[in-house]
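A quick write-up on the structure given underneath.
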């Protein structure tokens, strides 16, 4: 079965709500999943969406988490996702982050206590669409070995950058 992006968006939103996400979290997650799928990144698109649903249902993601955003410096935004999705805190901050970068020449978004973000390029790409050069890095479980090593030392999604 083939779905349009609008149909897939509606189904994902309803599935996320059904799995325990609130409306804001469901919309934030769905937007990133559909963007990844539209770019042909199925491993972090619809197939990865099932992982999010299972994590919501199992309580590994708090679907009602209310991220706390602080601003410890004029160009620095810190999000405590409080066990929820990485997407929600970023979505709440992106407009201010862009304004700060345009005002100060740089801005920083840092987040803690979030579930995996999926496609890291989704976040840098959104900043590039706003006219910014962006760089993002994340930590995660070591699942890939480095050159000359057999022991995993890298996460699968360690960094991303984008430009307008």
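None of the figures in this text is laboratory data; all of them are computed from the coordinates on show. Just so we're clear, the structure is a prediction, and the values are computed from it rather than from any experiment. FYI the Cβ positions are ideal-geometry reconstructions off the backbone, even for glycines, and counts take in every protein chain you see.
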Thinking of the range 72-125 as a set of Cα atoms, what percent of all their pairs are more than 13 Å apart? 58
Antiparallel DSSP beta bridges within the chain, as percent of all bridges there, nearest 5: 65
Percent RCO, i.e. relative contact order, over the chain, from Cα pairs under 8 Å lying at least 6 residues apart: 16
Cα-only Debye scattering, the range 68-162: base-10 log of I(q)/I(0) at q = 0.11, 0.12, 0.18, 0.21 Å⁻¹: -0.35, -0.41, -0.83, -1.04
Just to be sure I understand the model, the point goes 7 Å from the Cα along the line to the Cβ. What's the resulting residue 159 to residue 69 distance in nm? 2.6
With a 10 Å radius around each residue's Cβ, average the other Cβ atoms per peptide and rank 66-74, 95-103, 48-56, highest first. 48-56, 95-103, 66-74
Percent of C-alpha pairs per 10 Å bin, the range 5-58, short to long: 29, 60, 11
Please give the Cα centre distance for the range 70-101 versus the range 11-37, rounded to the nearest Å. 20
Quick one: Debye curve from the alpha-carbon atoms of the range 1-120 only, equal weights, vacuum; give me log10 I(q)/I(0) at q = 0.15 Å⁻¹ to two decimals. -0.67
Sorting 123, 161 on the 10 Å Cβ count, fewest up front, what's the list? 161, 123
